Ligand code: SF4
Ligand code: SF4
């Protein structure tokens with residue numbers, strides 16, 4: 001379960017992309033693509049691209065998460081998550097996420 005907390009602290013267990021992937025649910029893929037087209041200003045996002053098993057889980061990753069600079073940074077430093085990093089309190093990369101999803105900080109603290 002704790003592996004479903006992503007590198008930045010988001011909870012992949014509650015992510016619609018993961019739920020759609022696990023259940024192979026095309027209706028949820030389509031609904032998620034519609035939401036994310038607007039959220040990410042990505043009008044060409046096909047619903048077939050909504051596939052992800054979770055940031056720190058084995059398996060397929062959504063393209064944005066595959067390319068995520070926070071995830072890359074965590075891996076390059078040998079951490080499990082940003083919660084292991086002494087720079088988390090001053091890091092601008094992860095601050096962007098925590099500004100919009102403050103629960104992610106609590107999720108990271110719950111791991112340590
Ligand atoms: S890594 Fe995958 S499951 Fe986690 S938030 Fe990103 S898209 Fe959702
Ligand atoms: S520098 Fe920032 S993004 Fe990288 S591991 Fe530390 S807190 Fe996370």
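Listing for the model above:
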{"item": "Descending Cα extents along the principal axes, the range 1-59, whole Å", "result": "32, 23, 16"}
{"item": "Along principal axes, Cα extents of the range 2-111, largest first, whole Å", "result": "41, 26, 24"}
{"item": "Label-zone membership for the range 65-96, site residue 103, 7 angstrom Cα→C-beta point, backbone N under 19 Å", "result": "82-83, 95-96"}
{"item": "Computed E for residue 84/residue 64 - FRET, C-beta separation, R0 22 angstrom, nearest 0.05", "result": "0.45"}
{"item": "Within the chain, helix-based [θ] at 222 nm, where runs of 4 or more DSSP H residues each add -39,500 (n - 2.57), nearest 500", "result": "-13000 deg cm²/dmol"}
{"item": "In degrees, nearest ten, helix 26-39 long axis to first principal axis of the chain (Cα)", "result": "60"}
{"item": "Selected from 41, 51, 24 as most flexible by GNM, with the chain as the system and alpha-carbon contacts under 10 Å", "result": "41"}
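Readers should treat all values here as calculations from the given coordinates under stated rules, not as data from a laboratory. As the structure is a computational prediction, the values presented were derived from the model and not from experiment. Cβ atoms come from the backbone with ideal geometry, glycine included; neighbour counts cover every protein chain shown.
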